[in-house]
Amino acid sequence: MPSAAMAPSAIRKPQRVMARRSSRPATVATRSYLFNRSVRSTPYRIKRASAQTLHFENGWNVLDASGGAAVTGIGHLSTRVEQVMIKTLKRGIAYISSMMFDTDVAEDFARFLITTTDGKMTRAVFYSSGTEANEAAYKVALQYHATEKANPEPTRTLFIARDRSYHGTTLGALDMSGHKARRELYERVLPHNTHHISPCYAYRGLQTGESVAEYVTRLKNELEQKIQDLGPKNVAAFICEPVVGAALGCVPAEAGYLAAMREVCDRYGILLIFDEVMCGMGRTGYLHAWQKEGVAPDIQTVGKGLAGGFQQLSAMLVSPKVNDAFEYGPGSGAFSHGHTFQNYPLACAAGLEVQKIIQEENLLQNVKEKGFRLSKSLKKRLSNHRHVGDIRGAGLFWGIEFVKDKQTMEPFPADMKINWRIYEKGLAPPYEIHVYPGMGTADGVNGDHIILSPSYNITDTEIDAIVDRVARLIEDYFDTLD
Ligand code: PLP
């Protein structure tokens, strides 16, 4: 069956799960040969997965409420994707050097993607990870200003990003990231080309008595002030996530924010980059998160959901403005950047099929409907909880932020690792629920939110099971803590 969601009957009550649970110990203590595994606390091993469930070696059957790290869109199994990948393998074009040749598969997927952007983006290139796509965005912005434009401006080498952001793990992408904990060890060697301003994060950023419009204007002024401080001719690009994922826990930009940032960037000749690695490709109910407000970037990156986890795939999309500079500008015309495995045909074939399924099965509508059900029930069950500070998100992308004190919004101390403790407790019976622990909110160190981002083909019954298990997990966790 193509991308079938788990039938309602397949959701078992936690009590029955307990009864059928294996007698094996909860933690699998076998030695791991994977680097960086044995040093971590509990490397759980998964035997197989069905549509929305992870089946562990120790007998746990865990409902995947986060689609991995917000990756799966059509569940973990799909006959259609399987067949298309086999067909590509059988044609002998799983890998064809994209430096020298094109394939119909990569070309078809690029065309498909571009046609979904309302004419705002015009070319795409595929990479393997979100980090690679953002690293490419960083470099394409530098090259655009330095050599490709009619009036080259090589002084534009600086970037503006936001505090507590995450754009990836290589040095350029990490340089753009404002996440203290992720940067800490590498501060010594980062290029330090990026300067950070406040994120649009109303829960902690909106001041008492301030309207959303005033808040947006304040953030807009902060961007403008930063540009003035750095020198307008020194800034290459501003990057942000339209809906912040793992770094803040599903925080959508307030109404008018993206348009305000766009206006400032345009006024100063600065490129606008939207990192949609986590929030893009349907996660928010729009194929591209920026489509909700109709504010398109100059450069867009997507990843995670692009191939729904069936292959590792990301992409960078460029607007006509950026593309034209490369195509008709005075520079070399070639992006001075490339990977052996870019435009990888097998991954593009899987990605295109995933996106066709999302389109044909009208899954964006399902994201909107199920997202509404998820958010409504979550708020009903958890809004009044003494340690739930905020529940926010869009589509099937919801974050729950925990606080020590609901009134003051004081977070828990970082070393309590609240998000990780809740994540770990959730995997085990009686909950058997996979939530994504995110990266921490208050200062980029404290880990105090979890993310719910199930597959787009999730059913009402599964949504109800997620809410029930998550609510009981959170209630039980804090009852034993207090
Ligand atoms: N950008 C955002 C917004 C992300 O959430 C992530 C990963 O979580 C990345 C970039 C990096 O993507 P990857 O882990 O695929 O390199």
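Given +1 at the Cβ of Lys and Arg, -1 at the Cβ of Asp and Glu and no other charges, the dipole of the stretch 316-469 around its Cα centre is 500 debye to the nearest 20. Counting only alpha carbon atoms, the long axis of helix 460-481 and the longest principal axis of the chain meet at about 80°.
Full extension of the chain between Thr169 and Ile86 yields a length gain of 26.7 nm, computed as 0.36 nm times the residue separation minus the alpha carbon distance.
All other residues whose Cβ lies under 10 angstrom from that of Lys404 are scored, Lys and Arg at +1 and Asp and Glu at -1, for a net of -1. The shape of the stretch 297-381 comes out prolate: with a ≥ b ≥ c from the C-alpha gyration tensor, a/c is at least 1.5 and a/b beats b/c.
Rounded to the nearest 20 debye, the dipole magnitude of the stretch 162-271 is 240 debye, with +1 charges on Lys and Arg beta carbons, -1 on Asp and Glu beta carbons, and the Cα centre as origin. Taking amide H as placed 1.01 Å from N in the peptide plane, Arg162 has its amide H under 5 Å from the amide H of Gly178, Ile197, each at least 5 places away in sequence or on another chain. Between helix 418-427 and the chain there is an angle of about 50 degrees, using the helix long axis and the longest principal axis of the Cα atoms.
Summary value for the stretch 284-411: 22 percent relative contact order, contacts being C-alpha pairs under 8 angstrom separated by 6+ residues. Counting only lysines at least 8 places from Lys120 when in the same chain, those with an alpha carbon closer than 22 Å to its own are Lys139, Lys149, Lys292, Lys304, Lys321, Lys356.
Ordering Ser332, Val62, Ala136 by Cα displacement along the dipole of the chain toward the positive end leaves Val62 in first place; charges were set at the Cβ atoms of Lys, Arg (+1) and Asp, Glu (-1). Would the stretch 361-407 count as rounded, prolate or oblate if I go by the C-alpha gyration tensor, calling it rounded below 1.5 in a/c and otherwise prolate when a/b exceeds b/c, oblate otherwise? The shape class here is prolate. Sequence-ordered 3J(HN,Hα) estimates for the stretch 246-251 from the Karplus curve with 6.51, -1.76 and 1.60 and θ = phi - 60° stand at 4, 6, 10, x, 6, 10 Hz, glycine and proline given as x.
For the stretch 370-444, the number of Lys pairs with C-alpha atoms closer than 22 Å, counting only pairs eight or more positions apart or on separate chains, is 12.
Cβ-to-Cβ counts within 10 Å put Asp64, Asp266, Asp324 in ascending order as Asp266, Asp324, Asp64, the fewest first.
Fully extending the segment from Asp405 to Asn193 would add 72.6 nm, taking 0.36 nm per residue of separation and subtracting the current Cα-Cα distance.
Per-residue extension of 0.36 nm, minus the Cα-Cα distance of Glu210 and Lys376, leaves a gain of 57.2 nm for this segment.
Each of Thr116, Thr408, Thr459 was scored by other Cβ atoms within 10 Å of its Cβ. Arranged with the fewest first, they read Thr408, Thr116, Thr459.
Please return the longest stretch of the chain lacking exposed loop sites, where chymotrypsin sites (Phe, Trp or Tyr not before Pro) count only if DSSP places them in a loop and at most 11 other Cβ atoms lie within 10 Å. Show your work: numbers first, answer last.
On the way: sites that count: Tyr33, Phe35, Phe101.
It runs 102-482.
When the Cα gyration tensor is reduced to axis lengths a ≥ b ≥ c, the ratio a/c is 1.5 or higher for the chain, and with a/b not above b/c it is classed as oblate.
Rank these for me by crowding, Ile86, Ile96, Ile450, Ile474, going from fewest to most other beta carbons within 10 Å.
Values: Ile86 11, Ile96 18, Ile450 27, Ile474 24.
Fewest-to-most Cβ neighbours within 10 Å comes out as Ile86, Ile96, Ile474, Ile450.
When DSSP beta bridges are restricted to pairs lying wholly in the chain, around 65% turn out antiparallel. Based on Cα contacts under 8 Å between residues 6+ apart, the stretch 257-355 shows a relative contact order of 23 percent.
No lab work stands behind these numbers, since they all come straight from the coordinates. Just so you know, these numbers come straight off a predicted model, no measurement behind them. When we count neighbours, we look across all protein chains shown, and the Cβ atoms used for this are built from the backbone with ideal geometry, even at glycine.
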